[in-house]
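Right, one structure below, let's go through it.
Coordinate-derived values only; no laboratory data. Predicted, not measured: the structure shown is a model, and the values here were computed from it. Glycine also receives a Cβ, built like all others from the backbone with ideal geometry; neighbour counts cover every protein chain displayed.
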Amino acid sequence: MADGANTELVNSVKDDRHDIKHAIASISKGERYLNRELSWLQFNIRVLEEAQNNRHPLLERLRFLSISGDNLDEFYMVRVAGLRGQLALGVDVVSSDGLTPAMQLEKINVLAEKLLEKQQEVWALLNVEMRKAGMSVLEANELDETEQVWVKDYFFDNIMPLLTPIAVDPAHPFPFIPNLGFTIALSLKRQSDGEPMVALLPVPSHLKRFIRLPSTSSIRFISIERMIALFFDQLFPGYKIKGSGVFRVVRDSDIEIEEEAEDLVRVFESALKRRKRGRVIRLKVDADMPKHLRKIIVSRLNATDDVVVMVDGILGINETNQLIVDDNPDLIFKPYNPRYPERVKDFNGDIFKSIAAKDFVVHHPYESFEVVHLFLRQAARDPDVVAIKQTLYRAGSQSMIIGALIEAAEAGKSVTAVVELKARFDEEQNIKWARDLERAGVHVVFGSIELKTHGKVSMIVRRENGKLKSYMHFGTGNYHPITARIYTDLSFFTADQALARDANKMFNYLTGYVEPIGLEKLVLSPFDLRRHLVGLIEREIEFARDGKPAAIWVKLNSLLDSKIIDKLYEASQNGVQIDLIIRGICTLRPGLKGLSENIRVHSVIGRFLEHARICCFGNGHKLPSRHAKVYISSADWMPRNFNRRVETLVPIENPTVHDQIMGQVMAANLKDNCQTWLMDSDGNFSKREPAESDDLFSVHDYFMNNSSLSGRGSAGDGVQVAPVMAYGLDE
């Protein structure tokens, strides 16, 4: 009887789960998922909103405006270019939310136009505030006599020799305008016979867009187009100016790689040249430009009407970052100097002894990236180190990492570097690094064409007491010293030999296509990362169905994998409490009754760019809890990260590191009420406002003023630093 009852109960549970899955599958894609591209534009709207956040200093608000311009350019160069390419080829691929390329482009243009209008409104607002603060971007008629003399000398000494007026007629074909090229177009009339002429003045990209004028009493700039316009008569003597305007070209900058390419370096060098000559994806034209002149430009650039954008304001909004000066410290963020982990100091700077004593995490940018440099620099100079294995995705133009690898190879150590050539917009720099490394004797591997190596792993093999011991660094961010000062990321240092064995299998796969079988702890894509995450979500579903606490916390840059999203919907319907901290794209719809009412989506936008990927699973307990399963990762939850990239998911087992990542980093992000946006089921965001009884809490301010747990060392003994947030740990 009991066995029959148990069987009936099991079947009932199975039926319930089947019903939930069936209910989810029956909902149309458009109702289940948001559009990826529109979600990205919503993210950029949040960035732009920070330009109006009065909690930020004035010039930092200007920086957010500039970033929104850069973001939008890249979005068109890559994402919109891809959709236009599909449209041109007649490829009717439907997005996860059920839209064709044409439908997506129509919606994108509507939202992007609103974003452009908002950018100009914000620029006008900031312009007024800057003038009140003693900073001005001048019109030509605002120059005083002294400035007029200075501008004239500056123009003839520094600009005139670099300008090349180009007539547009049958004898002078329309010139090639490069990607992001900024050009002045003029309609002229020859004074001698009244003959009309159209001419172009391409502005060299290395010239500053805004030129600072000499002034001791205030900060005054003039834009280069305004300065050049003052001297049209010198550039076109004998002609009368009938009209003029500026335009800016955005070209297709995505790269397609031939599947059968044998020499990746040669292929990428060729592709980079093609990128510079890509088709016009967006043509921004000054609204004051005469109509007939605009028609000529559109025609000669082979641009279609739907890529033309009339701008009533300033073109190239991203270049306003040139106006950010440090003359007035009150107008920028107070400089922040990252802390150096005390644990490393305890061992007199010996990074290997520090790691051998205990795993620890360095929390960038609050803690110094110099620790990562030390890890490789000490390895290069340590006679007991015999091998170094390193992945390189983005390393920057002045990388100490590259220098350390070269030094190690020249010292006779075995050094392997997996250099990813497909790091978008860093391909050229990575080709240079690859050649420098090869010349030094480093074994350079480019991976495969099908997969992008996105995992951030460094492995040092050291001979100790007659045996080999490995020391590992797993990162959520790139080995890039500049971004490490503005991106929030985690650097995990460990001497866990099981993780080391797994990492070595990963490197063997990257260098020799040897599939990593029998991994002990590390989870890798493209093999089983998605499956493993689905399994962890299913465990939380089982806890919920058994009446136990069930919770998931996830922090990512982007979430848009439909299989994972459907599993999160299933978890929500079973009562699992889910908090997602998604900085950028999120195609999941939170808060829908009967589907996702137990899912909340937060987005933190502020001084630093949230970049770390973290996931916590309650494991039968409320979060935060020392019983939870905690992981850091290099991967966002996107199809490309699961299917076409080599990514890592690293379990965190050390108790102090576990508490730091979950009870500090994740809890602080969830507690923030100064920089957090909350998402509704339509994909719109509203700023999280603190309740009247709540104190203001900024996650960025908190970590700038509190030490982390795992890097403390003896100097932190007996001092309660960076306590777990108000949630409290569930023992």
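For this structure, a couple of remarks:
- Extension gain from Ser192 to Ser28, taking 0.36 nm per residue of separation minus the Cα-Cα distance: 52.1 nm
- Share antiparallel - DSSP beta bridges, the chain, percent rounded to 5: 70
- For Arg645, the residues whose modelled amide H falls within less than 5 Å of its own, excluding neighbours fewer than 5 places apart on the same chain, are Lys452.
- Selection from Asn348, Ser368, Leu392 lying farthest towards where the dipole of region 326-401 points positive, charges on Cβ: Leu392
- Each of Lys284, Lys208 has some number of other Cβ atoms within 10 Å of its Cβ, and from fewest to most they run Lys208, Lys284.
- Relative contact order of region 17-133, defined on C-alpha pairs under 8 angstrom at six or more residues apart (%): 33
- Pairs from the list Lys29/Lys118; Lys567/Lys593; Lys114/Lys452; Lys469/Lys563; Lys284/Lys334 with a Cα-Cα gap above 28 Å: Lys29/Lys118; Lys114/Lys452; Lys469/Lys563; Lys284/Lys334.
- Taking all Cα pairs closer than 8 Å and separated by 6 or more residues, the relative contact order of the chain comes to 11 percent.
- Rounded if a/c under 1.5, otherwise prolate or oblate - region 17-133, Cα gyration tensor axes: oblate
- Counted by Cβ distance under 11 Å from Asp97, the other residues give a net charge of +3, where Lys and Arg count +1 and Asp and Glu count -1.
- Positive minus negative residues near Ser525 (Lys, Arg vs Asp, Glu; Cβ under 9 Å): +1
- Residues His627, His363, His611, His18 arranged by fewest to most Cβ contacts within 10 Å: His18, His627, His611, His363
- Dipole magnitude for the chain: computed about the Cα centre from +1 point charges on Lys and Arg Cβ and -1 point charges on Asp and Glu Cβ, it is near 920 debye.
- Charged neighbours of Ser244, selected by a Cβ distance under 12 Å, balance to +1 (K, R count +1; D, E count -1).
- Region 661-683 residues near the modelled Glu692 label - backbone nitrogen below 20 Å, point 7 Å along Cα→Cβ: 673-674
- Axis of helix 264-276 versus longest Cα principal axis of the chain: the two differ by about 40°, to the nearest ten degrees.
- Links that overshoot a 20 Å alpha carbon limit, given the list Lys208/Lys240; Lys152/Lys208; Lys521/Lys671; Lys242/Lys291: Lys208/Lys240; Lys521/Lys671
- Put in line by how crowded their Cβ is, counting other Cβ atoms within 10 Å and starting with the fewest, Thr146, Thr511, Thr483 read Thr146, Thr511, Thr483.
- Taking amide H as placed 1.01 Å from N in the peptide plane, Phe697 has its amide H under 5 Å from the amide H of Asn673, Cys674, each at least 5 places away in sequence or on another chain.
- Summarised as an ellipsoid, region 342-517 has semi-axes of 23, 19, 16 Å, derived from the eigenvalues of the Cα gyration tensor scaled by 5 and square-rooted, with the largest first.
- The magnitude of the dipole of region 342-517, with charges of +1 and -1 set on the Cβ of Lys/Arg and Asp/Glu and taken from the Cα centre, is near 200 debye.
- Between the residues Asn71, Val444, Pro290, the greatest Cα displacement towards the positive end of the dipole of the chain, with unit charges on the Cβ of Lys, Arg, Asp and Glu, is found for Val444.
- Beta bridges by DSSP in region 342-517, antiparallel share as percent, to the nearest 5: 70
- Per-pair calculated FRET efficiency, R0 = 22 Å: Phe231 and Glu142 via Cβ, rounded to 0.05: 0.85
- Spatial offset of region 649-686 relative to region 304-361 amounts to 20 Å, using the alpha carbon center of each.
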